[in-house]
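Asks: To start, I am sharing the structure in question, which I have written as structure tokens.
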Amino acid sequence: MADLEVIVKKAKNLPALPQITTKLLEVFDDSKSQAKDVGKIIEGDQSLASQILKQVNSPFYGFSGRISSLKHAVVIMGFNAVKNLAMGFSIAKMSRNGTVSVLDMEKFWEHSLGVGVGARSIGKEIEYPCPEELLAAGLLHDIGKIILSDSFPEEYRKVLEEVEGGVEEIYQSENKVFGTSHAEVGEWFARENRFPPVLRACVKNHHAPSNQSLGESVKAVKTIYVADQLCRVEGIGWSDGNRNHEKTEDVCKEIGLTDEAREKVIGNLRSEVDEAKEFFGINKNK
Ligand SMILES: [Fe+2]
Ligand SMILES: [Fe+2]
């Protein structure tokens with residue numbers, strides 16, 4: 001894929017991964033890692049530690065106000081949940097880089113958060129084994145837009161203008177201008193930084209979930225697709241077109257999300273996003 005290669009070679013302004021993300025990725029990468037390794041990383045970041053404790057003491061886990069140590073949190077929530085929640089927080093930290101962009105960053109992160117919390121809610125409804133994984137995937141799914149827009153602001157402005165005209169979806173317009181899309185560039189970034197395969201799959205195929213054939217990531221990719229659609233319809237943050245070219249109803253059926261459960265997710269979406277914004281500290285410095 002020559003175009004992607006050309007683009008990434010020129011892309012100088014890659015989003016800086018917070019140090020904590022890099023450390024967490026090492027733990028994700030190492031199959032021998034244990035709860036104590038994650039605990040150590042989390043303890044090194046005061047705000048992350050208190051956020052995790054706040055989360056585990058939320059009504060969802062049913063231990064309101066009684067968990068005071070990270071060790072205990074890992075026991076209650078499970079190693080994977082804590083690991084992925086920490087990953088979600090660390091990705092959200094990128095929202096505080098404060099760079100000037102042709103993208104409306106506040107709306108961008110609101111959308112990413114919307115997809116993350118929406119996907120997590122769907123995950124709970126369909127009994128996805130680790131809903132926190134979907135939260136992290138949602139936060140990361142459109143990261144390629146930041147890379148493209150920060151590296152090629154003038155060209156990206158053109159893309160945005162075209163999309164505002166309402167004829168094309170953003171990735172089609174990106175393909176015309178760059179010969180690649182934010183999904184491919186994002187996947188490259190996730191691969192370079194050794195994000196876990198399921199997150200990479202979600203970034204790569206969130207516009208075309210049926211392209212995802214690798215067994216264990218199929219459900220995650222489809223869930224991100226549905227959450228992306230719901231956020232677009234509900235006007236959560238700045239959405240990127242992605243106009244329902246694979247029927248959302250069909251994808252919902254494939255992942256086992258009933259109409260009733262979908263309505264429940266939609267009904268809670270706005271308030272969950274507002275809560276999560278506060279929780280993740282997104283847009284606090286604006
Ligand atoms: Fe996208
Ligand atoms: Fe999106």
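For every residue, the table says whether it meets (1) surrounded by 24 or more Cβ atoms within 10 Å (Cβ to Cβ); (2) in the same structural domain as E5 (by TED's automatic domain parsing); (3) modelled with pLDDT under 90; (4) within 16 Å of ligand 2 (Cβ to nearest atom).
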{"position": "E133", "(1), (2), (3), (4)": "yes, yes, no, no"}
{"position": "K145", "(1), (2), (3), (4)": "yes, yes, no, yes"}
{"position": "E154", "(1), (2), (3), (4)": "no, yes, no, no"}
{"position": "V167", "(1), (2), (3), (4)": "no, yes, yes, no"}
{"position": "F178", "(1), (2), (3), (4)": "no, yes, no, no"}
{"position": "H182", "(1), (2), (3), (4)": "yes, yes, no, yes"}
{"position": "V203", "(1), (2), (3), (4)": "yes, yes, no, yes"}
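Asks: Inside the range 209-239, can you point out the residues that are farther than 21 Å from T258 by Cα, within 15 Å of ligand 2 (Cβ to nearest atom) and among the aliphatic types (A, V, I, L, M)?
Replies: Within the range 209-239, I236 is the sole residue that qualifies.
Asks: Would you call N57 polar (S, T, N, Q) and either within 24 Å of R200 (Cβ to Cβ) or crowded, with 21+ Cβ neighbours inside 10 Å (or both)? Let's see the steps before the verdict.
Replies: Values: polar (S, T, N, Q): yes; either within 24 Å of R200 (Cβ to Cβ) or crowded, with 21+ Cβ neighbours inside 10 Å (or both): no.
So N57 does not fit the description; no.
Asks: Could you name every one of the helices (runs of 4 or more DSSP H) located completely within the range 1-83 that has at least 3 residues being more than 30 Å from S149 (Cα to Cα) and over 19 Å from the mean Cα position of the chain (by Cα)?
Replies: Working: elements: 2-10, 19-29, 35-43, 46-56, 70-77.
In the range 1-83, 35-43, 46-56, 70-77 are the helices (runs of 4 or more DSSP H) which contain 3 or more residues that are more than 30 Å from S149 (Cα to Cα) and over 19 Å from the mean Cα position of the chain (by Cα).
The values are calculated or read from the model by the stated rules, or taken from the named source; none is laboratory data. Keep in mind that this is a model prediction, so the values were computed, not measured. Neighbour counts run over all protein chains shown; Cβ positions are idealised from the backbone, glycine included.
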